[in-house]
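The values are calculated or read from the model by the stated rules, or taken from the named source; none is laboratory data. Values in this document were obtained by computation on a predicted structure and should not be read as measured data. Positions of Cβ are generated from backbone atoms using ideal geometry, with glycine treated the same way; all protein chains shown enter the neighbour counts.
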Amino acid sequence: MIDLKQLRDDPEAFAERLSRRGEYDLQAIVDLDQRHRDLEIRRSQLQTRSNQIGKLIGDRIQSGTSPQDPALKELRQEGTEVKATLSQLDPQERDLKTSLEQLLLTIPNLPAEDTPLGSNETANVEVRRWGDQYILEGKACLPHWEVGEKLGILDIERSVKIAQSRFITLIGAGAALERALIQFMLDQHIARGYLEVLPPLLVNSQALTATGQLPKFAEESFKCDQDDLWLAPTAEVPVTNLYRDQILTASELPIHHCAYTPCFRREAGSYGRDTRGLIRLHQFNKVELVKLVHPDSSAQEHQTLVNDAAAILEALCLPYRVLELCTGDLGFSAAKCYDLEVWLPSAANYREISSCSNFSDFQARRGNIRFKEPGQKGTQWVHTLNGSGLAVGRTMAAILEQYQREDGSIEIPEALQPYLRRSSL
RNA sequence: GGAGAGGUGGCCGAGUGGUUGAAGGCGCAGCACUGGAAAUGCUGUUUAGGGGCAACUUUAACGAGGGUUCGAAUCCCUCCCUCUCCGCCA
């Protein structure tokens with residue numbers, strides 16, 4: 001949620017910053033806010049009078065006046081009249097407030113001051129590369145799904161029978177490899193101080209609204225018909241919402257969580273893209289990193305988040321690059337975002353494997369997640385950040401290609417061997 | 001699914017119509033005591049919105065919504081959620 005006061009105080013500056021992302025109608029919000037406040041002033045003045053009358057009558061009765069005394073009749077009369085007016089203004093004000101809030105929920109986060117300008121992914125900025133020495137140009141390489149099927153470790157066709165396209169079944173060593181990757185990633189993150197959680201995979205509308213998937217992106221998630229429950233598109237949703245409506249103390253920050261969960265996405269609008277293999281599935285496994293931090297340290301926490309995700313790729317000797325997303329390519333809730341892209345030999349290109357975002361106070365406002373500085377008045381919004389650490393299926397894809405031998409067998413990365421208890425597939 | 005209990009401040013927990021934003025405790029902050037700390041004592045400590053340069057002021061909030069009343073945390077209705085027991089299932 002954007003900061004309404006910030007918009008009110010300097011609409012031009014606000015509009016300029018937001019326009020770096022794209023076109024949004026702020027005027028409707030400004031107008032609605034003005035109307036709402038005008039009405040609130042009138043309503044609360046009347047309410048004051050109503051409260052005074054109640055108090056006056058109470059005081060007189062306390063000091064001995066009979067409740068039936070005719071002197072009270074006039075006051076009662078006025079009270080009734082004021083209340084009648086109030087009963088008209090009240091719902092009007094509430095309607096304005098609701099409309100205002102609904103509009104506010106559709107406005108994306110402001111990009112950070114230093115987020116690179118640009119309207120689409122071509123303007124993203126490469127920050128660094130790692131592992132160039134592992135990239136073998138011109139290496140003969142089967143795409144991971146072909147190698148996988150040849151080895152009998154993944155089954156795409158039969159998965160369609162069970163569910164539909166974009167679902168996959170892992171078999172034998174494939175299942176074990178996926179499990180080993182999950183365990184390996186979690187162990188790495190836990191060793192770096194992240195507290196593991198295993199949250200519910202179904203989340204309610206309030207939770208999705210807090211992290212920003214609702215109301216605008218309802219078609220991206222699977223919905224349960226009978227209940228107000230959705231299949232979580234990412235662990236970001238349940239883990240961040242652990243803290244919804246909470247007031248933390250400053251000393252509890254930062255909070256670092258890691259979580260392995262399956263993720264469910266409808267991938268509406270991506271028909272025809274990445275139709276083969278492990279890259280784009282309706283259900284995939286992911287280890288997620290989630291942070292709740294003090295605003296003062298949020299930029300630094302963002303850097304370490306990226307490093308913690310990248311550490312997995314380095315431990316697996318998978319070449320990658322880091323992109324900083326431009327304003328036009330930023331996700332709805334993000335103020336700043338780095339993508340990690342892993343090298344996929346079959347495509348001879350980099351492919352997103354982690355997205356590390358700083359949401360500043362945007363999700364905290366929507367989810368009402370605050371903290372208190374001991375001894376100080378009032379509360380502040382926490383900053384939330386998260387990133388994949390990593391997308392497990394895509395990691396598996398990268399390994400099946402990067403570690404592919406000429407005979408089609410797969411070498412197991414050294415770091416993973418203790419988990420899989422074998423050195424090749 | 002059947003029966004019962006309950007939802008109050010950062011937390012626990014009192015409170016059944018009139019200065020109750022709400023006793024008490026915990027926690028937290030300040031002060032005193034101490035070489036320093038613990039313990040102890042005293043004092044303070046809800047949040048959100050509006051108006052105001054500010055001091056300040058006003059409104060709202062005791063699960064949610066509605067009703068009764070001049071006045072509701074307290075009475076009535078509806079809904080939601082949690083817990084316990086029974087049944088069923090993993």
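When A:SER346, A:SER355 are checked against the criterion of being buried (at least 18 other Cβ atoms within 10 Å of the Cβ), at pLDDT below 95 and hydroxyl-bearing (Ser, Thr, Tyr), A:SER346 stands alone in meeting it. Within segment A:55-70, restricting attention to residues that are near RNA strand B (Cβ under 9 Å from one of its atoms) and loosely packed, with under 13 Cβ neighbours inside 10 Å, which residue is nearest to A:GLN6 (Cα to Cα)? Selected residue: A:LYS55.
Residues satisfying the criterion are absent from segment A:88-100 (criterion: surrounded by 14 or more Cβ atoms within 10 Å (Cβ to Cβ), not small (Gly, Ala, Ser) and not in a helix (DSSP H, G or I)).
Is one or more of the residues making up segment A:38-45 more than 11 Å from RNA strand B (Cβ to nearest atom) and part of a helix (DSSP H, G or I)? For segment A:38-45, residues more than 11 Å from RNA strand B (Cβ to nearest atom) and part of a helix (DSSP H, G or I): absent. Scan segment A:78-91 for residues that are near RNA strand B (Cβ under 10 Å from one of its atoms) and of a type in the set (Val, Ile, Thr) and the total you get is 2. Does A:SER333 qualify as being assigned to a strand (DSSP E or B), among the small types (Gly, Ala, Ser) and closer than 23 Å to A:TYR260 by Cα? No, not satisfied. Hey, does segment A:122-129 have a residue that's within 21 Å of the chain's Cα centre (by Cα) and touching a residue at least 60 places away in the same chain (Cβ under 8 Å)? Checked segment A:122-129: at least one residue is within 21 Å of the chain's Cα centre (by Cα) and touching a residue at least 60 places away in the same chain (Cβ under 8 Å). Taken over segment A:120-130, the residue count meeting the criterion of being assigned to a loop (DSSP other than H, G, I, E, B) and either modelled with pLDDT under 95 or aliphatic (A, V, I, L, M) (or both) is 1. Does segment A:172-203 hold any residues that are within 20 Å of the chain's Cα centre (by Cα), exposed (fewer than 15 other Cβ atoms within 10 Å of the Cβ) and either in a loop (DSSP other than H, G, I, E, B) or among the β-branched types (Val, Ile, Thr) (or both), and which are they? Of everything in segment A:172-203, those that are within 20 Å of the chain's Cα centre (by Cα), exposed (fewer than 15 other Cβ atoms within 10 Å of the Cβ) and either in a loop (DSSP other than H, G, I, E, B) or among the β-branched types (Val, Ile, Thr) (or both) turn out to be A:LEU198, A:PRO200.
Does A:ARG192 qualify as being more than 17 Å from A:ILE412 (Cα to Cα) and of a type outside the set (Ser, Thr, Tyr)? So A:ARG192 fits the description; yes. Within segment A:350-385, count every residue that is away from RNA strand B (no atom under 16 Å from the Cβ), hydrophobic (A, V, I, L, M, F, W, C) and part of a strand (DSSP E or B). Within segment A:350-385, residues that are away from RNA strand B (no atom under 16 Å from the Cβ), hydrophobic (A, V, I, L, M, F, W, C) and part of a strand (DSSP E or B) number 3.
With respect to A:LEU75, determine if the residue is near RNA strand B (Cβ under 10 Å from one of its atoms) and surrounded by 14 or more Cβ atoms within 10 Å (Cβ to Cβ). The answer is yes for A:LEU75.
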